[in-house]
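Structure first, commentary second.
The values are calculated or read from the model by the stated rules, or taken from the named source; none is laboratory data. Just so it is clear, the structure is predicted and the values come from calculations on it, not from any experiment. When we count neighbours, we look across all protein chains shown, and the Cβ atoms used for this are built from the backbone with ideal geometry, even at glycine.
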């Protein structure tokens, strides 16, 4: 039924497992469409009280699929929007966003269970969930902030406030799961071997509660976010990302991918930033290679 | 070129150093105009990726200049005074426009705070994109006790309503370290490592295309605007003017004229003892 995710229901919960481990669960359009379908399926299924979203293999998700295979699934003789004109870019970004917004709009709560990398688009998914529970050694970052654009969802502000949002979004630097808990990007971080038990324990508790009540309490908080502009901000985030795609650096990125390949392009970009880490508490002292050293 | 600040550019960054150390970098109308001009200069200069704002001498800034000299004005013309409510609002709005450059410009600005960051200085620091403070810096809004509510209101967005009120309803101070814990500052570090911390962050941003930096700064600020942050600033000016018409504010005004600024403030702040929040 699903090609890019696994879907299972048990004991009052649905589990959605992003399942492209060979591509670090890169978020293709197909994966996002399946995620949306599975979320609405769980929201409709009366046996489900709450949902967990997690990743198969070594990480939650490395972000949007930057090297998608173009499927020949379009009818012959018809012409569809390309990606070059700014309105086409915005249109595509909005379509993918509609898939993700199911997390925010559905009535039942969703927990993101994050281990390993949660990068770029992976953070868009995680932060639209109602709670994020992470392994202490998980990695959160938006590396494309270094050359490509801004995120097509913007929920950072509401979780960590303007200063930490900018600290991370203006550098692409990363924080660990433990640091993410410290600044409020995630609800909580636990040792990675206890992560699943932590999330399942929380699902056990929500499975005891009537889904109508869970919905009332989820939705009043989300309504508050909407009153702070959160829904309009998502629309603006797509337009803002498209604007970022027009930066000279983004042209350089696309040229470099053509000439040198994706891996080399990312290696050259991120190499300049050393270990690419932010430090939440205490001074950032770096060695010559740009790696943080203990104070 | 600038009378009240030092402006320099180097290695993809601009440094703006408020430079009235003999007055603890008090924010006169002239300094705020210089600040505005320097910020737009840096925002336009393609060699600059990001800006740091800091203070010369012992502190970041002790706030608005309460004893400004007379502004030079054209002879034979009559200008708005400060007594009428609307004139008051008009003048504070002029100053606020200078401050809002920090929020409106496309490039990121870091406030590097050491020593005092009091009252009007917090207006400036909190409009910056990030505040990095020395552990022993002092943040406070002392005039909240007798004189005024701030003409800028970004506290709510940085630290939420309870903590904002704890500080604004008492005038009590917090250290840089406590400011980090509250979220008022991104971070605090020992004073001797403050400059290295800020310059290290500027090094990172100097590697990023300013247009990409702008996209990421502005989407966060758009989010703040959708929470009302821009209208809030206009209302903060009116609220400031209103607060300066309370009996205690008017008494302080009289005391200042009779006993001078220092005498008047000593008497009023004395009541609050050490006056630190913890």
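Out of the stretch A:236-277, which residues are modelled with pLDDT of 95 or more and part of a loop (DSSP other than H, G, I, E, B)?
Result: no residue meets the conditions.
Looking at the structure I just gave you, is residue A:162 in contact with a helix residue (DSSP H, G or I) (Cβ under 8 Å, 6 or more places away or on another chain), part of a helix (DSSP H, G or I) and at pLDDT 95 or above?
Yes: the conditions hold for residue A:162.
Rundown of residues vs (1) outside any strand (DSSP E or B); (2) within 16 Å of the chain's Cα centre (by Cα), yes/no style:
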| site | (1), (2) |
| --- | --- |
| B:2 | yes, no |
| B:36 | yes, yes |
| B:54 | no, yes |
| B:74 | yes, no |
| B:77 | yes, no |
| B:80 | yes, no |
| B:90 | yes, no |
| B:101 | yes, yes |
| B:106 | yes, no |
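Among the residues of the stretch B:143-160, write down those that are in a helix (DSSP H, G or I) and either at pLDDT 95 or above or at the interface with another protein chain (Cβ under 10 Å from one of its Cβ atoms) (or both).
Within the stretch B:143-160, B:155, B:156, B:157, B:158, B:159, B:160 qualify.
Hey, can you tell me all the residues within the stretch A:166-189 that are over 21 Å from residue A:270 (Cα atoms), within 13 Å of another protein chain (Cβ to nearest Cβ) and outside any helix (DSSP H, G or I)?
Residues satisfying the conditions are A:184, A:185.
Of the conditions (1) in contact with a strand residue (DSSP E or B) (Cβ under 7 Å, 6 or more places away or on another chain); (2) closer than 30 Å to residue B:193 by Cβ, residue A:273 fails just one. Which one is it?
Against the list (1) in contact with a strand residue (DSSP E or B) (Cβ under 7 Å, 6 or more places away or on another chain); (2) closer than 30 Å to residue B:193 by Cβ, residue A:273 comes up short only on (1).
Would you tally the residues in the stretch B:126-139 being buried (at least 24 other Cβ atoms within 10 Å of the Cβ), closer than 15 Å to residue B:173 by Cα and within 14 Å of the chain's Cα centre (by Cα)?
2
Taking the stretch A:136-152 on its own, how many of its residues are in a loop (DSSP other than H, G, I, E, B) and either crowded, with 24+ Cβ neighbours inside 10 Å or at pLDDT below 95 (or both)?
The total comes to 8.
In the stretch B:178-198, what residues are within 18 Å of residue A:167 (Cα to Cα), part of a helix (DSSP H, G or I) and in contact (Cβ under 8 Å) with a residue 40 or more places away in the chain?
B:179, B:180, B:194, B:195, B:197, B:198
What are the pairs with Cβ atoms under 6 angstrom where one residue, in the stretch B:228-255, is free of Cβ contacts under 8 Å to residues at least 24 places away in the same chain and the other, located anywhere, is assigned to a helix (DSSP H, G or I)? Sequence gap at least six, or different chains.
So the pair list comes out as B:255/B:264.
Kindly indicate which of B:193, B:153, B:204 is crowded, with 20+ Cβ neighbours inside 10 Å and over 16 Å from the mean Cα position of the chain (by Cα).
Answer to the selection: B:204.
Could we say that residue A:221 is in a helix (DSSP H, G or I), modelled with pLDDT under 95, farther than 24 Å from residue B:217 by Cβ and more than 10 Å from chain B (Cβ to nearest Cβ) here?
Judged against the criteria, residue A:221 is not a match.
Given the criteria more than 10 Å from chain A (Cβ to nearest Cβ), closer than 30 Å to residue B:145 by Cα and crowded, with 18+ Cβ neighbours inside 10 Å, does residue B:171 qualify?
For residue B:171, the condition - more than 10 Å from chain A (Cβ to nearest Cβ), closer than 30 Å to residue B:145 by Cα and crowded, with 18+ Cβ neighbours inside 10 Å - is met.
With respect to residue A:31, determine if the residue is surrounded by 16 or more Cβ atoms within 10 Å (Cβ to Cβ), touching a residue at least 12 places away in the same chain (Cβ under 8 Å) and outside any loop (DSSP other than H, G, I, E, B).
Considered against the rule, which asks whether it is surrounded by 16 or more Cβ atoms within 10 Å (Cβ to Cβ), touching a residue at least 12 places away in the same chain (Cβ under 8 Å) and outside any loop (DSSP other than H, G, I, E, B), residue A:31 comes out as yes.
Among A:125, A:111, A:133, A:90, which is in a strand (DSSP E or B), in contact with a helix residue (DSSP H, G or I) (Cβ under 8 Å, 6 or more places away or on another chain), more than 24 Å from residue A:279 (Cβ to Cβ) and touching a residue at least 40 places away in the same chain (Cβ under 8 Å)?
A:111
Sort through B:218, B:230 and tell me the only one that's facing chain A (nearest Cβ under 8 Å), in a helix (DSSP H, G or I) and out of contact with any helix residue (DSSP H, G or I) (no Cβ under 6 Å at 6 or more places or on another chain).
Result of the check over B:218, B:230: B:218.
Kindly establish whether residue A:265 is within 14 Å of chain B (Cβ to nearest Cβ), farther than 29 Å from residue A:9 by Cβ and touching a helix residue (DSSP H, G or I) at 6+ places or on another chain (Cβ under 6 Å).
Considered against the rule, which asks whether it is within 14 Å of chain B (Cβ to nearest Cβ), farther than 29 Å from residue A:9 by Cβ and touching a helix residue (DSSP H, G or I) at 6+ places or on another chain (Cβ under 6 Å), residue A:265 comes out as no.
Among the residues of the stretch B:203-215, write down those that are facing another protein chain (nearest Cβ under 7 Å) and not in a helix (DSSP H, G or I).
B:207, B:208, B:209
Only one of (1) in contact with a strand residue (DSSP E or B) (Cβ under 7 Å, 6 or more places away or on another chain); (2) at positive phi; (3) surrounded by fewer than 20 Cβ atoms within 10 Å (Cβ to Cβ) fails for residue B:57. Which number is that?
(1)
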